[in-house]
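Here is the structure we will look at.
None of the figures in this text is laboratory data; all of them are computed from the coordinates on show. Not measured: the values here are computed from a predicted model. Note that each Cβ is placed from the backbone with ideal geometry, even for glycine, and that neighbours are counted across all protein chains shown.
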Amino acid sequence: MFMETNVLSLRIDGELLDRLRGHAAKRGMSVQDYVVRTLIRDDFDERFKTAVEETERFYGVR
């Protein structure tokens, strides 16, 4: 399976980059991989939350 990739460029201050480096290092990851995984996790969490809310509305749980 071929997945298209694109480039996203971010401008962040040095303090934030240092914190990201620390979080990534604790997990044995590059900063790029850490940021991508964080974005993927947050996106999944949001989609899951939306799906649960839609299911509850469908079944009248609320």
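Using a Förster radius of 22 Å, what is the FRET efficiency between Ile12 and Ile40 based on their Cβ-Cβ separation? Nearest 0.05, please. Could the numbers behind the result be given before it?
Details: r = 19 Å, r/R0 = 0.85.
E(calc), rounded to 0.05, equals 0.75.
With Rg/Rh (Cα atoms, Kirkwood Rh) as the read-out, I listed [x] 1.17; [y] 0.92; [z] 1.62; which label goes with the value calculated from this structure?
Evaluating Rg/Rh (Cα atoms, Kirkwood Rh) on these atoms matches [x].
Once the Cβ-Cβ distance between Arg19 and Arg47 is put in as r, and R0 is 30 Å, what FRET efficiency do you end up with, to the nearest 0.05? Don't skip to the end; give the middle numbers.
On the way: r = 26 Å, r/R0 = 0.88.
FRET efficiency, Arg19 to Arg47: 0.70.
Given springs between every Cα pair under 10 Å in a Gaussian network model of the chain, which of Arg37, Arg11, Arg47 has the largest fluctuation?
Answer for the Gaussian network model of the chain: Arg11.
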